[in-house]
1. Sorted from fewest to most neighbouring beta carbons within 10 Å, what does the list 219, 74 look like?
2. If you stretched the chain out fully between residue 162 and residue 225, how much longer would it get, using 0.36 nm times the residue separation minus the C-alpha to C-alpha distance?
3. Taking only DSSP H segments of four or more residues, each worth -39500 (n - 2.57), what value at 222 nm results for the chain once the sum is divided by all its residues, to the nearest 500 deg cm²/dmol?
4. May I ask you to compute the full-extension gain from residue 46 to residue 252, defined as 0.36 nm times their residue separation minus their alpha-carbon distance, rounded to one decimal in nm?
5. Would you mind calculating the gained length between residue 178 and residue 27 on full extension (0.36 nm times residue separation, minus the Cα-Cα distance), in nm to one decimal?
6. So for 216, 43, fewest C-beta neighbours within 10 Å to most, what's the order?
7. Roughly what angle does helix 166-179 make with the longest principal axis of the chain, taking Cα atoms, 0 to 90 degrees, to the nearest 10?
8. R0 = 30 Å: FRET efficiency of residue 143 with residue 203, Cβ-based, nearest 0.05?
Amino acid sequence: MGTSLLTYASGRWLWISCISAVGLLLHYSSYRSRTVAYGGSIEGLVYGVAGTALIGVLMYLGIRRRSYSSHTGTLQGWVSAHVYLGLLTLLVIPLHAGFRFGWDVHTLAFALLVLVVLSGMVGVLLYQIIPSRLTRLEARQQADKIDPELARLLSDMRALVKDKSDVLVHIYQAELAASQQRVPSGWSLIRGQTRDLLAERSADLAAKAAVVPLEEQATFQVLSQLLLKKAQLELNLLQQMQLRNALKAWLYVHVPVSIAMVFAVGVHLIVVFWY
């Protein structure tokens with residue numbers, strides 16, 4: 001998704017944004033040579049109207065994503081435009097202000113815009129990396145099918161160690177207790193590190209093999225295979241949850257900051273035209 005949206009229609013929106021940026025800079029250079037550049041001049045107001053229109057187009061993406069029957073272009077084209085026009089606003093707004101900023105609501109609106117664009121760039125990077133990784137993980141096992149498979153493995157283990165020595169029973173009980181622990185979610189899951197569960201489990205089983213009675217070694221080998229398969233499924237599920245939560249966490253940053261930016265722009269317009 002990430003690569004295709006950046007090169008959508010042979011980079012149409014990249015070229016539109018670059019050509020627009022060059023044209024704006026040439027116009028601003030001429031404008032600056034004739035007078036003092038500031039937001040209240042005719043040229044400054046034109047830049048401001050253009051910047052506000054760009055912000056409106058960018059915010060429309062949230063509506064377009066949910067309009068499946070819309071005929072206003074493809075979603076991929078809108079996302080591509082969203083990326084490049086978002087970068088263009090970082091030039092248009094300073095031109096509008098004549099590169100004059102201070103400690104006021106006007107600068108706050110621009111600062112929030114910068115945060116929106118920067119977080120958007122992070123989003124593009126995430127969507128270049130995460131979907132392909134998630135697809136590879138889901139090809140092994142869908143997340144909604146992992147829990148039933150884990151339950152089946154535990155059931156097989158319980159049947160396997162029935163009437164066996166305390167050593168094998170304790171291995172099963174320890175695994176059951178670990179499975180019943182609460183699974184981390186949200187921010188705690190994102191911060192957590194994905195350890196090599198298979199390597200850890202293999203080392204642990206190798207250490208336990210020495211205390212398993214000789215006559216139960218064959219049973220222990222079957223139990224070990226079940227435990228390793230369970231560890232593989234748990235690792236797959238953990239990685240899928242991390243990737244999905246990373247995308248959600250990005251939205252929890254990008255969307256609220258975008259809303260705050262729109263509110264600040266509204267206050268900016270009220271202050272300018274009312275006062």
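We did not get these values from a lab; they are worked out from the coordinates using the rules stated. Computed from a predicted model, the values in this text were never measured in an experiment. Cβ placement follows ideal geometry from the backbone for every residue including glycine, while neighbour counts extend to all protein chains displayed.
1. By the 10 Å Cβ count, ascending, the order reads 74, 219.
2. Separation in residues times 0.36 nm, less the Cα-Cα distance, equals 21.0 nm.
3. After summing the helix terms and dividing by residue count, I get -28500 deg cm²/dmol.
4. Gain on stretching residue 46 to residue 252: 70.9 nm.
5. Value of the extension gain: 47.7 nm.
6. Listing 216, 43 from fewest to most nearby Cβ atoms yields 216, 43.
7. Helix 166-179 and the main axis of the chain meet at about 20 degrees.
8. Calculated value: 0.65.
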